[in-house]
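The values are calculated or read from the model by the stated rules, or taken from the named source; none is laboratory data. Keep in mind the model is a prediction, meaning the values are calculated, not measured. Positions of Cβ are generated from backbone atoms using ideal geometry, with glycine treated the same way; all protein chains shown enter the neighbour counts. These area figures cover heavy atoms from the full protein model, side chains too; ligands, DNA and RNA do not enter into them. Shrake-Rupley method; radii C 1.70, N 1.55, O 1.52, S 1.80 Å.
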Amino acid sequence: MKQRRKVVFFDRDGVVNIEDNPYGYEIETFYFAPSFMELFLELKKQDALCFVVTNQSGIHRGIFSTKDFEILSAFMQNCIRSSLMLPLRKSGFVPKNIGFDGIYFCPHKEEENCSCRKPKPDMLKRAIVDFNLNLRDYDSYILGDKDTDMQAGLSVGIETRILIGDADAPNATHRAKDLKESQRIIFS
């Protein structure tokens, strides 16, 4: 039986990268989480669609700008491409996009009560519309470190919701202590 294509939504801070401070926006302090590159490489070898969906209230708090966020996102994408190009070539398959297929962010503070800040699902819905996805045709996943990530995933019908870490998350379908453990869940 042919394996269905995967679509994976990643929260950024605390999942893709180590969250050293609550408003990470500087290249100098951006560090990928352990096992992120290994997980991402395996996903891209399978031609998975991968998206970032991240709350970035530091923008509306005036801590950093949208431009700062875009610069860090470009840096992140370039690091992924430069790290994974050779391993993907060696595997015999280079996907159309080596980095994230889309990066969606909410700049609002919680008290602004917008429609895009997780747990609301609008960032995920935009990715689904932008890429013309019917999640029933995919194995779908969200990886996050808070129940708000799990709630957003549940709202759009993501079947596998993996909480990374030990936060309380009643809407998670799985728990993993780290990305290495989440890899076992995704590829089992």
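Below are the figures for this structure:
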item	result
Output for region 79-109, where each listed residue is of a type in the set (D, E, K, R) and touching a Ser or Thr at 6+ places or on another chain (Cβ under 7 Å)	Lys109
Test: residue in region 132-139 that is at pLDDT 95 or above, under 16 Å from Val52 (Cα atoms) and not in a loop (DSSP other than H, G, I, E, B)	no
In region 170-182, the residues that are open to solvent by less than 40 Å² (accessible area, probe 1.4 Å) and not in a loop (DSSP other than H, G, I, E, B)	Ala176, Leu179, Ser182
Residue in region 23-32 that is crowded, with 16+ Cβ neighbours inside 10 Å and of a type in the set (Ser, Thr, Tyr) present	yes
Count of region 161-185 residues which are in contact with a His (Cβ under 9 Å, 6 or more places away or on another chain) and within 15 Å of Asp147 (Cβ to Cβ)	3
Some residue of region 70-85 being within 30 Å of Pro170 (Cβ to Cβ), in contact with a Leu (Cβ under 9 Å, 6 or more places away or on another chain) and open to solvent by less than 20 Å² (accessible area, probe 1.4 Å)	no
Test: residue in region 42-65 that is of a type in the set (A, V, I, L, M), assigned to a helix (DSSP H, G or I) and without any contact (Cβ under 8 Å) to a residue 60 or more places away in the chain	no
Region 149-169, residues that are crowded, with 17+ Cβ neighbours inside 10 Å, in a helix (DSSP H, G or I) and polar (S, T, N, Q)	Gln151
